[in-house]
Amino acid sequence: MTRRRLRPEAAWTVAAILTVVAVAVPATRERLERETAGGADLTIEVRASQWRWEYAYLDEMGARRFGFVSAGVTPDEAVTGVVRKDDAYLRTVDRPLVIPAGRKVRLLVTSEDVVHAFWVPDLGIRADAVPGVLRTVWVIPDAPGTYRGQCAAFCGERHGFMPVVVEVRTPQAFEDWQRDAAATLVAEAGRGTAAGTEA
């Protein structure tokens, strides 16, 4: 009688183990492929501070090519209830992060003041931004589109006003944007006319 009870239990245990392995192997392979240290098509430093994000596009040697600040642009009238809140309430920025679809993008995430968290759920990105720590996150966006997120770690009174917007463009559209953005932002920073931008 004991043997009869053990056989079904053993069969179910083996079946459960095989199911876990069948799911874990391809998931682990894809995760390792995404997180391999080399082979990034694009590297961007993401620097948080109360209550904005700064993005620096780096070259192959890690030197800054161009960058800009991205801040929420929710009007005060929407916050105070003078005008109706729409779907973009607390989810719109003046300058989104722009990355190419189908390319391996490495994000180096840190903070200048307190702990923040860079979170874009539809891209599978969440990284704590900690002062003095540089966290690496990899993403290979599948399709062009606008992806929204926010700071996911309470960082002060205006925490809710720290959205993240990522525009994923086709590789060609991204190259066109990058060429124009690099020329424009570097020129603006050189003249000192664009608040929050640096060469």
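Using per-residue counts of other Cβ atoms within 10 Å, averaged over each peptide, order 129-140, 46-57 from highest down. Don't skip to the end; give the middle numbers.
On the way: 129-140: 15.7, 46-57: 20.6.
Packing order, densest peptide first, comes out as 46-57, 129-140.
Contour minus end-to-end for A71 and R126, with contour as 0.36 nm per residue of separation and end-to-end as the Cα-Cα distance?
Working: separation 55, 0.36 × 55 = 19.80 nm, distance 1.85 nm.
Difference between extended and current length: 18.0 nm.
Can you put I44, I17 in order of accessible area, largest first, using a 1.4 Å probe?
Largest to smallest exposure gives the sequence I17, I44.
Take H159 and M61, extend 7 Å from each Cα along the Cα→Cβ direction, and tell me the distance between the two endpoints in nm.
4.2
Extending each Cα 7 Å along its Cβ direction at T170 and A88, get the distance between those two points in nm, one decimal.
The answer from the label model is 2.4 nm.
The values are calculated or read from the model by the stated rules, or taken from the named source; none is laboratory data. Everything numeric here is computed off the predicted structure, so don't read it as measured data. Note that each Cβ is placed from the backbone with ideal geometry, even for glycine, and that neighbours are counted across all protein chains shown. For the accessible areas, the whole protein counts, side chains as well, though only heavy atoms, and no ligand, DNA or RNA atoms are used. Shrake-Rupley method; radii C 1.70, N 1.55, O 1.52, S 1.80 Å.
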